[in-house]
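J.: Quick one: structure below, then a few questions.
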Amino acid sequence: MKSENLHASQRLSALVENVHRPAAAQSTPMQPAPVAKSQENALTLKQSQRRRGFSLPLSIWASLFVLGFFIFCALFADWLAPHDPVANNLRARLAAPLGMPNAQPDFLLGTDALGRDLLSRLIYGARVSLTIGFVGTLVGLLVGSLSGVLAGYLGGWLDEAIMFLADALIALPFLVVALTVVAIFGSNLGVLVVLASFSGWAGYTRLARGQVLSVNQQPYVLAARSIGSSSVRLMLRHLLPNITAPLVVMATLGMTSVILLESSLSFLGLGIQPPTPAWGAMLGEGRDYLHTSWWLGVLPGVAIMLLTMSISQIGDWLRDLLDPSMRGA
Amino acid sequence: MARYGLRRLLRGLVTMWLVVTVVFVALRISGDPAKAMLPDDASVAQIEAFNRRYGLDQPIPVQYALYLRNILAGDFGDSLREHRPVTELVSARMGNTLLLGFAAIAIALAIGLPAGILAAIYHNRLWDRLLTAGAFIGQSIPNFFLGILLILFFSLQLRSLPSSGTGTWQHLILPAFTLSTGLLSSMARMMRSSLLEVMRQEYVRTARAKGFSNRQIILRHCLRNAAIPVLTLFGLSLGGLIGGAAITETIFAWPGIGRFAVGAISSRDYPLIQYIVLLVAASVVSANFIVDMLYGVIDPRIRAERA
């Protein structure tokens, strides 16, 4: 929903730009405006694409840096973390970050209520968020686009059934669905990954199906069919490549919701179980120590926000780059 | 219109039936309901009594029929922890959650819609940029983090608002605002973009050419037309509000259903969970139904199409 919303405003600003620019041209009333306008649009579209393609805006550099930094942390957590993230040290409980009163030189960002090193837990927490984010998004994307392509291509009762399921799932708040599943099946990494994959499934299915329905009527697909291409060949060679871009964009934007789903569940104590360090859970535990050690709640929150904001920035930018059709009309 | 409404109602009922069935199936897949619904140290006699009461000694189709009959009769069972009917326990907390939810919706609409309109009127000027940036942050910040920041600032730094509990209107401010931000930001964004789109329409140009003031044009010609996408988004967001309530109530120790549900899940209080899930599904389905009906009220074209 968030992505549709962004999309609408984006599309709108592109439209408004185009309307405002040729205002000068409109003062000469007899000009064949439509042709001139569409040529101008085509040109600016190409130019803007080229410009966007070669020099990245500063916000994208920053986002890529943040994302890269977190991926680096997740990959090399074993080497980077100064302490064992689950080792209790009751003598160093609730130490403050360096430079504040009650700091301990060993713990750069201080420790939590059990004396565990906050920095190490933050570094390992990146691993949880990114693993679930990437795996959940990827599986959801694969399964969703497959079911969407099948629904759109084959039609019939299969289409009806898949779309009914997708509509029902979109209508229900996914956090509630997730809470129910956790209530019934308990919470472990496997359940969380399945939930994460399922959370975006309906969106990908609907998008893929819609794309297939429109691409299916394109002349090149009709031509391929008329010279006798098989269904599988049609799907793999002609449909899939043409629907990848919007799906990739949607997946990038969807990854933020997957990450937020995991951290919400962990915050409620129903996601990643202690002592495994997950940002959401750390934030939930930190809530009880706000009046003495505010950093325990704030730093994991900052990490979650930095990660999700950078991913959604990259997603917005990818949409502009890969998919002019979503930006244009 | 009536026929359309009837069809939507039927669809809502089908969705409800689907949810009820999925919960039934999921509880059966996950293992022995007696084991799940009774404490671990239940005696054999207790288990048999439980099985008899819920008809679990019957074949599956009979069980399903009994299950449906109990639900239709309003019998959702007793809570495992508190040994009282779940309906009673939930309705005791319902008021708090409704209060929080309606306060959040009121805040979102009271701030979000004017902000969106303002941004559209001052398109590409300072107001627009400030409000758009604010909406982006409001949409990106997770509920649980915002709640913590608000507690830090207003409760611990300024000491002006309570951080937890309920009772006075001051208790309501922080949780209601936290819960509202997602909806507020998306309302503002959608209002802005929808209004901008409408303001480019030809009938608006005509109205302008006829010499109407900007204010008259926006009030009389634009707002109603811009309301449809905003309403759609509003309907879609209500479900998210319910999920958000669980988080918000947990942060602010607000004694509502959300926090209660989280506790029920932690302690695997199945009858309670089942009841709350059905309640949530019912409220989402009816919210969608109401929004669907409102389209026709706002837009005569849709009304005509449906007739």
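The values are calculated or read from the model by the stated rules, or taken from the named source; none is laboratory data. If you're wondering where the values come from, they're calculated on a predicted model, not measured in any experiment. Note that we place each Cβ from the backbone using ideal geometry, even for glycine, and neighbour counts take in every protein chain shown.
J.: What are the residues in region B:52-86 that are buried (at least 17 other Cβ atoms within 10 Å of the Cβ) and assigned to a helix (DSSP H, G or I), if any? Reasoning before the result, please.
T.: Within region B:52-86, the subset buried (at least 17 other Cβ atoms within 10 Å of the Cβ) is B:54, B:56, B:63-64, B:67, B:71, B:76-80, B:85-86.
Within region B:52-86, B:Gln63, B:Tyr64, B:Tyr67, B:Ile71, B:Val86 qualify.
J.: Within region B:162-179, restricting attention to residues that are at pLDDT 80 or above and within 14 Å of chain A (Cβ to nearest Cβ), which residue is farthest from B:Leu241 (Cα to Cα)?
T.: Restricting attention to region B:162-179, the residues satisfying the condition of being at pLDDT 80 or above are B:162, B:168-179.
Restricting the remaining residues to those that are within 14 Å of chain A (Cβ to nearest Cβ) gives B:162, B:174-175, B:178-179.
Numbers: B:Pro162: 22, B:Leu174: 15, B:Pro175: 12, B:Thr178: 11, B:Leu179: 7 Å.
Selected residue: B:Pro162.
J.: Tally up the residues in region B:228-278 that are outside any helix (DSSP H, G or I) and surrounded by fewer than 19 Cβ atoms within 10 Å (Cβ to Cβ), please.
T.: Restricting attention to region B:228-278, the residues satisfying the condition of being outside any helix (DSSP H, G or I) are B:252-256, B:267-269.
With the extra rule that they be surrounded by fewer than 19 Cβ atoms within 10 Å (Cβ to Cβ), the set shrinks to B:253, B:255, B:267-268.
So the answer is 4.
J.: Scanning for something more than 30 Å from A:Thr292 (Cβ to Cβ), surrounded by fewer than 21 Cβ atoms within 10 Å (Cβ to Cβ), within 14 Å of chain B (Cβ to nearest Cβ) and of a type in the set (Val, Ile, Thr), does region A:134-141 turn up at least one residue? Working first, answer last.
T.: Start the filter on region A:134-141 by keeping residues that are more than 30 Å from A:Thr292 (Cβ to Cβ), which leaves A:134-141.
Next, from what is left, pick out any that are surrounded by fewer than 21 Cβ atoms within 10 Å (Cβ to Cβ): A:134-135, A:138-139.
When the remaining residues are screened for being within 14 Å of chain B (Cβ to nearest Cβ), the result is none.
No - not one qualifying residue is present in region A:134-141.
J.: Going by the conditions given, is A:Ser263 polar (S, T, N, Q) and closer than 14 Å to A:Gly125 by Cα? Walk me through it before giving the result.
T.: On the way: polar (S, T, N, Q): yes; closer than 14 Å to A:Gly125 by Cα: yes.
Against the criterion (polar (S, T, N, Q) and closer than 14 Å to A:Gly125 by Cα), A:Ser263 qualifies.
J.: Has region B:45-65 got any residue that is at pLDDT 80 or above, within 20 Å of B:Val277 (Cβ to Cβ) and in contact with a Ser or Thr (Cβ under 9 Å, 6 or more places away or on another chain)?
T.: The answer is yes, given that some residue of region B:45-65 is at pLDDT 80 or above, within 20 Å of B:Val277 (Cβ to Cβ) and in contact with a Ser or Thr (Cβ under 9 Å, 6 or more places away or on another chain).
J.: Looking at region B:79-137, which of its residues are free of Cβ contacts under 8 Å to residues at least 40 places away in the same chain, among the hydroxyl-bearing types (Ser, Thr, Tyr) and within 14 Å of another protein chain (Cβ to nearest Cβ)?
T.: Within region B:79-137, just B:Tyr122 meets the criteria.
J.: Moving on. One residue is enough: does region B:291-302 have a residue meeting the conditions crowded, with 21+ Cβ neighbours inside 10 Å, in a helix (DSSP H, G or I) and of a type in the set (Gly, Ala, Ser)?
T.: No, every residue in region B:291-302 fails to be crowded, with 21+ Cβ neighbours inside 10 Å, in a helix (DSSP H, G or I) and of a type in the set (Gly, Ala, Ser).
For every residue, the table says whether it meets (1) among the β-branched types (Val, Ile, Thr); (2) in a helix (DSSP H, G or I); (3) buried (at least 20 other Cβ atoms within 10 Å of the Cβ); (4) touching a Phe, Trp or Tyr at 6+ places or on another chain (Cβ under 9 Å).
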| position | (1), (2), (3), (4) |
| --- | --- |
| A:Gly228 | no, no, no, no |
| A:Met250 | no, yes, yes, yes |
| A:Ser257 | no, yes, yes, yes |
| A:Leu265 | no, yes, yes, no |
| A:Gln273 | no, no, no, no |
| A:Gly297 | no, yes, yes, yes |
| A:Ser310 | no, yes, yes, yes |
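J.: Name the residue that is nearest to B:Ser193 (Cα to Cα), counting only residues in region B:141-156 that are crowded, with 20+ Cβ neighbours inside 10 Å and at the interface with chain A (Cβ under 7 Å from one of its Cβ atoms).
T.: Just the residues of region B:141-156 that are crowded, with 20+ Cβ neighbours inside 10 Å, to begin with: B:141-148, B:150-151.
Right, trim to at the interface with chain A (Cβ under 7 Å from one of its Cβ atoms) and you get B:141-142, B:144-145, B:148, B:151.
Working: B:Ile141: 21, B:Pro142: 23, B:Phe144: 28, B:Phe145: 28, B:Ile148: 31, B:Ile151: 33 Å.
Ranking the candidates gives B:Ile141 first.
J.: Determine which single condition A:Ala103 fails, assuming it passes every other condition in (1) touching a strand residue (DSSP E or B) at 6+ places or on another chain (Cβ under 6 Å); (2) crowded, with 18+ Cβ neighbours inside 10 Å; (3) among the small types (Gly, Ala, Ser).
T.: A:Ala103 satisfies every listed condition except (2).
J.: Does region B:88-108 contain at least one residue that is touching an Asp or Glu at 6+ places or on another chain (Cβ under 6 Å), farther than 30 Å from B:Arg53 by Cα and surrounded by fewer than 20 Cβ atoms within 10 Å (Cβ to Cβ)?
T.: Checked region B:88-108: no residue is touching an Asp or Glu at 6+ places or on another chain (Cβ under 6 Å), farther than 30 Å from B:Arg53 by Cα and surrounded by fewer than 20 Cβ atoms within 10 Å (Cβ to Cβ).
J.: Looking at region B:263-288 only, could you name the residues that are in contact (Cβ under 8 Å) with a residue 40 or more places away in the chain, facing chain A (nearest Cβ under 9 Å) and hydroxyl-bearing (Ser, Thr, Tyr)?
T.: Correct list: B:Tyr270 only.
J.: Being out of contact with any Lys or Arg (no Cβ under 6 Å at 6 or more places or on another chain) and at the interface with another protein chain (Cβ under 8 Å from one of its Cβ atoms) is the filter; apply it to region A:290-301 and report the residue that is nearest to A:Ala62 (Cα to Cα).
T.: Step one: filter region A:290-301 for residues out of contact with any Lys or Arg (no Cβ under 6 Å at 6 or more places or on another chain), giving A:290-296, A:298-301.
Subsequent filtering for residues that are at the interface with another protein chain (Cβ under 8 Å from one of its Cβ atoms) retains A:290-291, A:294, A:298, A:301.
Values: A:Leu290: 30, A:His291: 32, A:Trp294: 27, A:Val298: 21, A:Gly301: 19 Å.
Residue satisfying both the conditions and the ranking: A:Gly301.
J.: Has region B:179-189 got any residue that is under 23 Å from A:Leu172 (Cβ atoms), crowded, with 20+ Cβ neighbours inside 10 Å and free of Cβ contacts under 8 Å to residues at least 40 places away in the same chain?
T.: No, there is no match, as no residue in region B:179-189 is under 23 Å from A:Leu172 (Cβ atoms), crowded, with 20+ Cβ neighbours inside 10 Å and free of Cβ contacts under 8 Å to residues at least 40 places away in the same chain.
J.: Still on this structure: Could you please find all residues in region A:53-107 being under 17 Å from A:Ile314 (Cβ atoms) and part of a loop (DSSP other than H, G, I, E, B)?
T.: A:Ser55, A:Leu56, A:Pro57 - these are the residues of region A:53-107 that are under 17 Å from A:Ile314 (Cβ atoms) and part of a loop (DSSP other than H, G, I, E, B).
J.: If I filter region A:282-289 for residues that are away from chain B (no Cβ under 12 Å) and of a type outside the set (Asp, Glu), do I get at least one hit? Walk me through how you get there before you give the answer.
T.: Initially, region A:282-289 is screened for residues away from chain B (no Cβ under 12 Å), giving none.
No, that holds for no residue.
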